[in-house]
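The values are calculated or read from the model by the stated rules, or taken from the named source; none is laboratory data. Treat the numbers as computed from the prediction; the structure is a model and nothing was measured. Quick reminder, even Gly has a Cβ in these numbers, built from the backbone with ideal geometry, and neighbours come from all protein chains shown.
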Amino acid sequence: MIGAADQGRGVLFTAFEPSGDDHASIVIAELRRRHPDLPIYAWGGPKMERAGATIIERTGDDAVMGMPGLKKIREHKRMNQRIASWMREYPVAVHVPVDSPAANFPICKIAKRQGIRVVHLVAPQLWAWGAWRIGKLRRRTDMVLCLLPFEENWFRDRDLEARFIGHPLFDAPLDLSALDAAASDLPSGSPRLALLPGSRPGEIAKNFPILLAAFRSLLASHPGASGVVAATTPEVAQRLRDMAAQHGGWPDGLDVRAGATDVIARWCDLALVVSGTVTLQLAKQAKPMVVFYKSSPIAYTLIARWVIETEFLTLPNLIAGREIVPEFVPHFGDERDIVAAADRLLRSPQLADRQRNELQSISAQFLGRSAGAAAADAIEQVMSRPARPSAA
């Protein structure tokens with residue numbers, strides 16, 4: 001329940017990436033269902049708006065991965081000033097930062113200084129890198145909501161209140177009959193290869209040329225193969241076609257569909273995936289995959305290799321605590337290692353079946369949970385607590 005003192009106050013969500021728009025929209029929809037009159041505001045995207053949030057500013061259309069450039073840093077500083085001004089005019093009870101810790105941490109500081117409680121939706125991945133920021137997080141949050149099973153204990157062991165809520169991708173069961181019907185429109189052929197190039201413009205630019213080369217190589221060794229690229233939007237689909245024109249043209253036997261990742265996953269025999277949340281979307285359907293992420297060797301040598309604190313970076317491997325899917329993260333080379341790993345899975349049904357079984361075990365850890373409902377419970381709980389300003 002929401003405390004009487006907060007009945008007229010609202011909740012502010014801040015999300016800066018398409019994945020954040022996805023995660024937040026589920027929680028917003030649940031809060032709106034429970035509290036039709038609760039003011040819900042957002043710096044966010046279209047899904048958050050459709051779920052019932054009042055969008056103050058649209059974000060996420062030009063999200064970046066990794067270290068932001070000077071222009072992006074200046075944009076966020078100006079945005080933070082606008083958010084601080086807005087918070088003074090429209091005091092809210094709770095701020096819900098969604099992922100994107102680099103963008104959200106300064107906003108959490110603003111919120112805490114104004115006595116606004118903070119509930120992190122999607123735990124910052126301090127267990128992977130940047131564990132020294134734990135003190136900053138402790139000062140700038142009231143509760144951390146974890147999407148991955150191992151995160152709750154990691155944060156609790158470091159004196160942060162944390163709760164494993166499950167993952168929104170697993171909230172609703174898949175309608176397999178509907179997916180089969182939609183997949184009937186996709187290309188025939190065998191093997192069927194899904195190419196998933198990511199959602200951010202920067203990661204698409206780095207990784208899609210490797211996916212194109214990998215598909216051409218696999219088509220040469222498996223002449224009956226067909227492929228489908230999973231684009232997040234029609235605009236991204238057109239961008240991919242434009243990119244292909246600069247890298248040898250669009251290959252024969254390759255299609256592209258927008259907003260149909262679950263359908264493409266249902267259709268495929270194997271997925272070639274740019275590392276990200278989509279690996280869990282594939283795990284939900286127990287689809288064999290090869291995962292990679294092209295990185296700069298200079299940046300990795302100078303920075304990343306000194307701060308990364310986990311053996312794996314691909315989500316299924318992180319959850320399992322061992323390599324269950326071939327992982328090339330970071331990846332510095334061309335398509336050859338990716339093609340070799342894919343070819344082994346295509347030529348060994350036993351190897352592919354072993355990965356499917358491992359992925360089913362991963363999915364089982366999320367069953368019986370509703371991330372949207374659990375997050376709404378947590379936000380209600382924190383709203384009922386007295387607010388205390390913090391130096392943050």
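Taken together, the residues in region 78-115 that are in a loop (DSSP other than H, G, I, E, B), in contact with a helix residue (DSSP H, G or I) (Cβ under 7 Å, 6 or more places away or on another chain) and not charged (D, E, K, R) amount to 2. Residues in region 156-171 that are under 22 Å from GLY276 (Cβ atoms) and in contact with a strand residue (DSSP E or B) (Cβ under 8 Å, 6 or more places away or on another chain) were compared, and the one that is surrounded by the fewest Cβ atoms within 10 Å (Cβ to Cβ) is PHE164. Region 300-392 holds helices (runs of 4 or more DSSP H) entirely within its bounds, and those carrying 2 or more residues that are modelled with pLDDT of 95 or more and of a type in the set (Lys, Arg) map to 336-347, 349-364. Residue count for region 207-230 satisfying the condition of being within 13 Å of SER275 (Cα to Cα) and surrounded by fewer than 20 Cβ atoms within 10 Å (Cβ to Cβ): 0. Do we find that ARG133 is in contact with an Asp or Glu (Cβ under 8 Å, 6 or more places away or on another chain), in a helix (DSSP H, G or I) and either in contact (Cβ under 8 Å) with a residue 12 or more places away in the chain or farther than 24 Å from PRO316 by Cα (or both) in this structure? Judged against the criteria, ARG133 is not a match. Residues in region 136-163 that are free of Cβ contacts under 8 Å to residues at least 40 places away in the same chain and within 16 Å of the chain's Cα centre (by Cα): CYS146, GLU151.
With the checklist (1) on the phi < 0 side of the Ramachandran plot; (2) out of contact with any Ser or Thr (no Cβ under 8 Å at 6 or more places or on another chain) in hand, flag the one item MET289 doesn't pass. Unmet condition: (2). Take LYS72 and tell me if it is surrounded by 14 or more Cβ atoms within 10 Å (Cβ to Cβ), at pLDDT below 85, in a helix (DSSP H, G or I) and on the phi < 0 side of the Ramachandran plot. Yes; evaluated as a whole, the condition is true for this residue. Every condition in (1) in contact with a Lys or Arg (Cβ under 7 Å, 6 or more places away or on another chain); (2) charged (D, E, K, R); (3) modelled with pLDDT under 95 holds for ASP99 except the one numbered (1). Consider region 172-206 and keep the residues that are among the small types (Gly, Ala, Ser) and surrounded by 22 or more Cβ atoms within 10 Å (Cβ to Cβ). The one that is modelled with the highest pLDDT is ALA194.
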